[in-house]
Amino acid sequence: MSSASGIWPRIPEVVRAILMGLLVLFLGAFGWSGLLFGSRKLTTSIPWAATPVFLVVGGLFLWGFWRYLAGAGWPRSTAEARRQNLRGRGLPGRVWAWALSAGVLAVVSYIALVLVWGRLIRMQPWTIPDLSRYSFFTVLCILLAAAIEAGVVEEAAFRGYMQAPIERRYGPRVAIVIVSVVFGFVHLANGSHELTWLLPYAIFGCILGNLAYLTNSILPGVVLHAAGDAVRFLLVWRLGPNPQGPLIWQSGVDISFCVRLAVGVAFGLAAIWAYRKLATIVGVESKSS
């Protein structure tokens, strides 16, 4: 044990932060998945109870998971470090408003540019597992709960425990780039078909990474991440995978492509302005507090 504790400080800060973030991601994701399948297995004889049990147990798990990462529990010697790495602090109302506004503008730009990207290369359609054997209410609860779990666990892991230490050591630009790249590559765990999504995932990571840095809190990112996943899950569930149009190399540049590109650029510029405004407001709030 002593030799292991002596090796850990010698590991470069970047590597330690990445490993710690991946550990948080692993524990959160697999703990959640175990509860999902475990609760359904335990309630096979009373199917109507499976969903309420899962929601209660899953909610308690996320609450306890968040509390521990925020500094609660043993060992007390790591409590302050855990709290600083999570960055789960509350924000003033005005900062919340501008953080969500900047984030929404950036996400709209992101979606439009992903549609543009999908006309440049053949992207793998995004799908969800077959849930047809479950009732409408059960599927709705599973998808919304999965979106919340992704928002909480992934933001705690990437923009919290992974980005915060790198930020403190090397600055925000290096931290956001490194974490966003890792965020993209982690999705390859879903299969090699995710290769076409690496760049979009990395860009989405930059959107959330900048919010975490500017506000020194992952809470706006948790909200945006969970809301974005919820909308995507529900749309794919009800409408099916989004069909991809012909590549522009085959059909040429058309009005649809130009409109998507224009929307992406316009909302991207608006998002940049909103991020700058957010930085100013955070500075003012910091001076007045």
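General observations
- Sole exception among (1) buried (at least 16 other Cβ atoms within 10 Å of the Cβ); (2) part of a loop (DSSP other than H, G, I, E, B); (3) over 22 Å from the mean Cα position of the chain (by Cα) for Gly73, by number: (1)
- Test for Pro165: is it of a type outside the set (A, V, I, L, M, F, W, C), at pLDDT 95 or above and surrounded by 20 or more Cβ atoms within 10 Å (Cβ to Cβ): yes
- Breaking point among (1) over 18 Å from His225 (Cα atoms); (2) in contact with a Pro (Cβ under 6 Å, 6 or more places away or on another chain), for Val174: (2)
- Unique match (being within 30 Å of Ile255 (Cα to Cα) and either in contact with a strand residue (DSSP E or B) (Cβ under 8 Å, 6 or more places away or on another chain) or among the small types (Gly, Ala, Ser) (or both)) among Ser101, Ser132: Ser101
- Filtering segment 156-196 to residues that are closer than 21 Å to Gly118 by Cα and among the polar types (S, T, N, Q) leaves Ser180, Asn190, Ser192, Thr196.
- Among helices (runs of 4 or more DSSP H) entirely within segment 187-289, having at least 3 residues that are touching a helix residue (DSSP H, G or I) at 6+ places or on another chain (Cβ under 9 Å) and at pLDDT 95 or above singles out 198-215, 219-239, 255-288.
- Which numbered condition Ala212 misses (of (1) among the hydrophobic types (A, V, I, L, M, F, W, C); (2) within 30 Å of Val139 (Cβ to Cβ); (3) within 18 Å of the chain's Cα centre (by Cα)): (2)
- Summed over segment 195-209, the residues that are of a type in the set (Ser, Thr, Tyr) and over 11 Å from the mean Cα position of the chain (by Cα) give a count of 1.
- Residue check for Ala147: of a type in the set (A, V, I, L, M) and under 18 Å from Leu211 (Cα atoms): no
- Subset of segment 85-100 that is within 20 Å of Ala279 (Cα to Cα) and of a type outside the set (A, V, I, L, M, F, W, C) - its residue that is surrounded by the most Cβ atoms within 10 Å (Cβ to Cβ): Arg87
- Single unsatisfied condition, Leu199 versus (1) in contact with a Ser or Thr (Cβ under 8 Å, 6 or more places away or on another chain); (2) loosely packed, with under 15 Cβ neighbours inside 10 Å: (1)
- Some residue of segment 234-247 being touching a Phe, Trp or Tyr at 6+ places or on another chain (Cβ under 9 Å), under 23 Å from Val152 (Cα atoms) and among the β-branched types (Val, Ile, Thr): yes
- Every residue from segment 49-72 that is among the hydroxyl-bearing types (Ser, Thr, Tyr) and closer than 22 Å to Glu155 by Cβ: Tyr68
The values are calculated or read from the model by the stated rules, or taken from the named source; none is laboratory data. Small disclaimer: the values here were computed from a predicted structure and weren't measured. Using ideal geometry, Cβ is built from the backbone for each residue, glycine included, and neighbour counts are taken over all protein chains shown.
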